[in-house]
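Colleague: A single structure is presented below for examination.
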Amino acid sequence: MNAEDRRPKVNRVGSTAQRLAEKPYEKRVCRIECYPSCVQPGESYVGLSVEEWVDFIDEIGVEVQVVDGEINRGTPRFRSRMIPPYSNVDNDRLPRFLELAHQRGILILSYYPVIYTKPLKPLQPEWLMQFLDDGRPALENLGWFCFNSPYRDWLPEYLIEWLDNLDLDGFYFDDTNYGSHEERPFYPSCCCSYCEKLFREETGLEIPRKVDFDSLDFRHFVNWRYEKMKDFMHHLFRQIKAKHPDVILDMNSYIRPTADWSDGHPLNSFHLEDVGGYFFVETFRSLREPNFTAKVLRSTGTPFGLFRNVTQSLQGFGGAPYPDMFSPAIAGLAAIANGGAPCGNPFDGPTMLHKDTVKSVFSEFKKRVDYIKGDTVKYIALHYSQQNRDFRPSEIPKNTGQTYFHEIGQKDAYGAYEILNRSHLLFDFVLDERLNYETLSQYRLLFLSNSACLSDEQCEAIRRFVYEGGTLIATHETSLLDEFGRERGKFGISDVLGVEYRGTRGGTDDHGIIYVPQDAELSRNFGYVVCFYGQESAVSVLPDADIHVLCTRSCLEGERLLKDFDPRLDYDSFEPAITINHYGKGRAIYICGDVGGAYMNNPYPPLKRLIVDLVKQTPPPIEFEMPEAIEVTASRRSANELMVHLLNNPVPLLPWRITNREKHDAEMTTFLALREVNPIHNIRVRFNDFTVKSARLPLQGIDLDISGNAVATVIVPEVSLHEVLLVEY
Ligand SMILES: [Zn+2]
């Protein structure tokens, strides 16, 4: 007998394919990553037995569980030929757990840290990553491998061996960054000999050995890393699926508002759908963030999960026993409302102390499983940009470790998101790679919130979009730089905006800015002045522009700008501040202030109302009258059916410097954990663009009346936590 024949045969219950036929992965909305003692390696365990644990997760409604199929970053729990297994491998309880879970139809994925295989370090030290010098002391590599080395093929072979030896349904890939994996920010990789050779072959450039954003070659390297990361993940997924075609491969991505270039994750799509894969993102900070991140993930086109860690804690205990359901429910429902699936473990445990909460949250998720997929109703496209994240001068301090890692970046885009989202204006994020005419032509309005870095091709797409009848709202330094952050010295789309850049105004630090409405209706709505605190550009109107000045800039200066304000005094400089330019069949509204960033400095309601007023000059397809607490999405569920999600999320916008992780984690899950969510009544929905035939609330089983002659109006009587409104048209 050879070695292969002596290995124990894998005890398989049915197959992953059968379980997916019963219920596809995307419809499994009750996913949990947890590591109960009985499923962990080790000779003994505490608490529930494997049998009791499977009964427990079945009862609370788990459909997918992520377990640790490896030990301490890479040691296998089976007799591998590639890495020595741990000592107790022949008595491991994992196979029994897999057998029992599969008897209940539960999918089981194993955690695997993609770049981090500690036991391989002594075997293949030449495959380890080499970090760039970012000014910090050198770091010992604990087992972080370069995927441009032969590790690229070693890893899929190893993981195939796992699937040959354990009855797993797939992998949950963590540690997917391109660099070290201790302490943020991670040390960026990689300048090993494999990368050096590849980079030279593919770009003709020498690989950089230190972080240097002043170097154009380095900026090329930053973009090259993204391509290598995507290419490797595709390779990994393809290789594994070639042998195990039904396997679930779900990858942790770092596309969140605090991420920077160093992780090596593009703020563009990984396109994992091309290789049958999935991805998810962990969201942190307040419960405002899940909806933001879910919207970003939806814009990638890849099926996604939205991961949330513990949402309610108690000092001295970690996760709180008997937690309230509101916070974990809202985190998960934000995923569902945006076309994704909840995942992670917002409950802690779970143990019997979390049982009722998990059960009730999961049962709410399951009720909504048929209301996830849909194509969004297109109104506003909000640009969210990797180019700006990486190369815009405002972001360089974050990219070079001069600011706290867990702060959000691109405040301007985040602020625009906050304004649009909490004003119930329907919008999608549009990432750099989709900022083309084909995508834009589906929308009525493009919002460029200080999108300074734009390529010539993107400028041309924007130009055509407006020329063909679209509305553009652009702020501050939009189009002033190219896609690598190089200065143009002028706007790339000045002809579209009807104004030309004349430099910064009032310095490069945030300061008080006063706009003076010139338009009669704006004056009626906003009074003498609209104020905010941020940065601004100076512009001049192009001589042949067909322009209308909506607001000018005040000439008031000094410490307390509005002390002793009197409209009879001169307070108007008559410098253009908000303009509308007619261009082709469309219009471009230019705002010289960074209103998105200013809104994050201070979410001042008149500033929000001003932006909303400008946006709504381009009529929305659907309008909502409801409090700020509600977050809304709308999509086409089928050819003649609209699906509107109304999520009651009263969590306030926090000062943007209140991050979490090391600094503020405890506040987020104690003082800011939701202790109640009050129902909201009589939400009015006006369907400007749809001839509505019927409307109903499927979760409550209620049909709604339709009123209004020209414009159909529906009143949703109550939203307690979340409601789905289905509209036939
Ligand atoms: Zn390398």
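The values are calculated or read from the model by the stated rules, or taken from the named source; none is laboratory data. Quick caveat, the model's predicted, so the values are computed rather than measured. Backbone-built Cβ (ideal geometry, glycine too); neighbour counts: all protein chains shown. Keep in mind that these areas ignore ligands, DNA and RNA; they rest on the heavy atoms of the full protein, side chains included. Shrake-Rupley method; radii C 1.70, N 1.55, O 1.52, S 1.80 Å.
Colleague: Please indicate, with yes or no, whether at least one residue in the range 75-82 is among the charged types (D, E, K, R), assigned to a loop (DSSP other than H, G, I, E, B) and over 35 Å from the mean Cα position of the chain (by Cα).
Modeller: First pass over the range 75-82, keeping only residues among the charged types (D, E, K, R): 77, 79, 81.
If we keep only those that are assigned to a loop (DSSP other than H, G, I, E, B) as well, we get 77, 79, 81.
In the following step, the residues that additionally are over 35 Å from the mean Cα position of the chain (by Cα) were identified as 79, 81.
Yes - at least one qualifying residue is present in the range 75-82.
Colleague: Any idea how many residues of the range 57-104 are under 29 Å from Met325 (Cα atoms) and among the charged types (D, E, K, R)?
Modeller: Number satisfying all stated conditions: 5.
Colleague: Could you go through the range 260-268 and let me know if any residue there is closer than 30 Å to Glu407 by Cα, part of a loop (DSSP other than H, G, I, E, B) and within 16 Å of the ligand (Cβ to nearest atom). Working first, answer last.
Modeller: So in the range 260-268, the residues closer than 30 Å to Glu407 by Cα come out as 260-268.
From the residues that got through so far, the ones that are part of a loop (DSSP other than H, G, I, E, B) too are 260, 264-268.
Still in the list and also within 16 Å of the ligand (Cβ to nearest atom): 264.
Looking through the range 260-268, at least one residue is closer than 30 Å to Glu407 by Cα, part of a loop (DSSP other than H, G, I, E, B) and within 16 Å of the ligand (Cβ to nearest atom).
Colleague: Out of Gly492, Gly506, report the one residue that is open to solvent by 10 Å² or more (accessible area, probe 1.4 Å), under 25 Å from His548 (Cβ atoms) and at pLDDT below 95. Steps first, please.
Modeller: Numbers: Gly492 fails: at pLDDT below 95.
The conditions single out Gly506.
Colleague: Among all residue pairs at least 6 apart or on different chains, which show Cβ distances below 6 Å where the first residue, located in the range 31-51, is without any contact (Cβ under 8 Å) to a residue 24 or more places away in the chain and the second is open to solvent by 30 Å² or more (accessible area, probe 1.4 Å) and outside any loop (DSSP other than H, G, I, E, B)?
Modeller: Close Cβ pairs (under 6 Å, with a partner that is open to solvent by 30 Å² or more (accessible area, probe 1.4 Å) and outside any loop (DSSP other than H, G, I, E, B)) amount to Val46/Ser37.
Colleague: When you check Leu614 against the structure, is it within 30 Å of Gln518 (Cβ to Cβ) and either surrounded by 14 or more Cβ atoms within 10 Å (Cβ to Cβ) or modelled with pLDDT of 95 or more (or both), yes or no?
Modeller: Numbers: within 30 Å of Gln518 (Cβ to Cβ): yes; either surrounded by 14 or more Cβ atoms within 10 Å (Cβ to Cβ) or modelled with pLDDT of 95 or more (or both): yes.
Spelling it out, Leu614 is indeed within 30 Å of Gln518 (Cβ to Cβ) and either surrounded by 14 or more Cβ atoms within 10 Å (Cβ to Cβ) or modelled with pLDDT of 95 or more (or both).
Colleague: Taking the range 128-155 only, how many residues are surrounded by 14 or more Cβ atoms within 10 Å (Cβ to Cβ) and among the basic types (Lys, Arg)?
Modeller: Quick first cut of the range 128-155, residues surrounded by 14 or more Cβ atoms within 10 Å (Cβ to Cβ) only: 128-134, 139, 141, 143-152, 154-155.
Still in the running and among the basic types (Lys, Arg): 152.
Summing the residues that are surrounded by 14 or more Cβ atoms within 10 Å (Cβ to Cβ) and among the basic types (Lys, Arg) in the range 128-155 gives 1.
Colleague: Can you find a residue that is in a strand (DSSP E or B) and more than 16 Å from the ligand (Cβ to nearest atom) anywhere in the range 229-248?
Modeller: Residues of the range 229-248 in a strand (DSSP E or B): 248.
Filter again for more than 16 Å from the ligand (Cβ to nearest atom), leaving 248.
Scanning the range 229-248, I find at least one residue that is in a strand (DSSP E or B) and more than 16 Å from the ligand (Cβ to nearest atom), so the answer is yes.
Colleague: What are the residues in the range 627-672 that are at pLDDT below 90, under 19 Å from Asn291 (Cβ atoms) and touching an Asp or Glu at 6+ places or on another chain (Cβ under 7 Å), if any?
Modeller: Thr659
Colleague: Do we have Tyr158 as in the same structural domain as Ser44 (by TED's automatic domain parsing), open to solvent by less than 20 Å² (accessible area, probe 1.4 Å), within 28 Å of Tyr194 (Cβ to Cβ) and more than 16 Å from the ligand (Cβ to nearest atom) here? Steps first, please.
Modeller: Numbers: in the same structural domain as Ser44 (by TED's automatic domain parsing): yes; open to solvent by less than 20 Å² (accessible area, probe 1.4 Å): yes; within 28 Å of Tyr194 (Cβ to Cβ): yes; more than 16 Å from the ligand (Cβ to nearest atom): yes.
Yes: the conditions hold for Tyr158.
Colleague: Among the residues that make up the range 85-107, is at least one of them exposed (fewer than 13 other Cβ atoms within 10 Å of the Cβ), under 27 Å from Glu364 (Cβ atoms) and not hydrophobic (A, V, I, L, M, F, W, C)?
Modeller: yes
Colleague: Here is a further query. What strands (runs of 3 or more DSSP E), lying completely within the range 667-729, carry at least 2 residues that are open to solvent by less than 50 Å² (accessible area, probe 1.4 Å)? It would help to see each step written out before you state the result.
Modeller: Numbers: elements: 680-687, 694-697, 702-704, 712-719, 722-728.
Answer list for the range 667-729: 680-687, 694-697, 712-719, 722-728.
Colleague: Given Tyr35, Tyr45, which one is farther than 24 Å from Phe307 by Cα and outside any strand (DSSP E or B)?
Modeller: Numbers: Tyr35 fails: farther than 24 Å from Phe307 by Cα.
Testing whether each residue is farther than 24 Å from Phe307 by Cα and outside any strand (DSSP E or B) leaves just Tyr45.
Colleague: Of (1) more than 20 Å from Thr16 (Cβ to Cβ); (2) out of contact with any Cys (no Cβ under 6 Å at 6 or more places or on another chain); (3) touching a residue at least 24 places away in the same chain (Cβ under 8 Å); (4) part of a loop (DSSP other than H, G, I, E, B), Pro119 satisfies all except one. Which?
Modeller: For Pro119, the failing item is (4).
Colleague: Among the residues of the range 164-203 satisfying the criterion of being part of a helix (DSSP H, G or I) and more than 16 Å from the ligand (Cβ to nearest atom), which is surrounded by the fewest Cβ atoms within 10 Å (Cβ to Cβ)? Steps first, answer last, please.
Modeller: Taking the range 164-203 as the starting set, the residues that turn out to be part of a helix (DSSP H, G or I) are 164-165, 193-203.
Narrowing further to those that are more than 16 Å from the ligand (Cβ to nearest atom): 164-165.
Values: Asp164: 14, Asn165: 20.
Once the filter is applied, the top-ranked residue is Asp164.
Colleague: If a residue has to be under 22 Å from Asp370 (Cα atoms) and open to solvent by less than 60 Å² (accessible area, probe 1.4 Å) to count, how many in the range 639-655 make the cut? Outline the logic, then answer.
Modeller: Of the range 639-655, the ones under 22 Å from Asp370 (Cα atoms) are 639-649.
Those left that are additionally open to solvent by less than 60 Å² (accessible area, probe 1.4 Å): 641-649.
Total satisfying the criteria: 9.
Colleague: If I ask for residues that are open to solvent by less than 10 Å² (accessible area, probe 1.4 Å), of a type outside the set (A, V, I, L, M) and not in a loop (DSSP other than H, G, I, E, B), which ones from the range 440-457 would you list?
Modeller: Phe447, Cys453
Colleague: Could you give me the residue pairs with C-beta distances under 6 Å whose first residue belongs to the range 147-158 and is touching a residue at least 60 places away in the same chain (Cβ under 8 Å), whose second residue is away from the ligand (no atom under 14 Å from the Cβ) wherever it lies, and which are 6+ apart or on separate chains?
Modeller: Qualifying pairs under 6 Å: Pro156/Leu236; Pro156/Gln239; Pro156/Ile240; Tyr158/Met82.
Colleague: Looking at (1) outside any loop (DSSP other than H, G, I, E, B); (2) of a type in the set (D, E, K, R); (3) more than 16 Å from the ligand (Cβ to nearest atom), which is the one condition that is false for Asp212?
Modeller: The one condition Asp212 does not meet is (1).
Per-residue answers, yes or no, for (1) crowded, with 21+ Cβ neighbours inside 10 Å; (2) touching an Asp or Glu at 6+ places or on another chain (Cβ under 8 Å):
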residue: Gly401; (1), (2): no, yes
residue: Ile408; (1), (2): no, no
residue: Phe427; (1), (2): yes, no
residue: Arg464; (1), (2): no, no
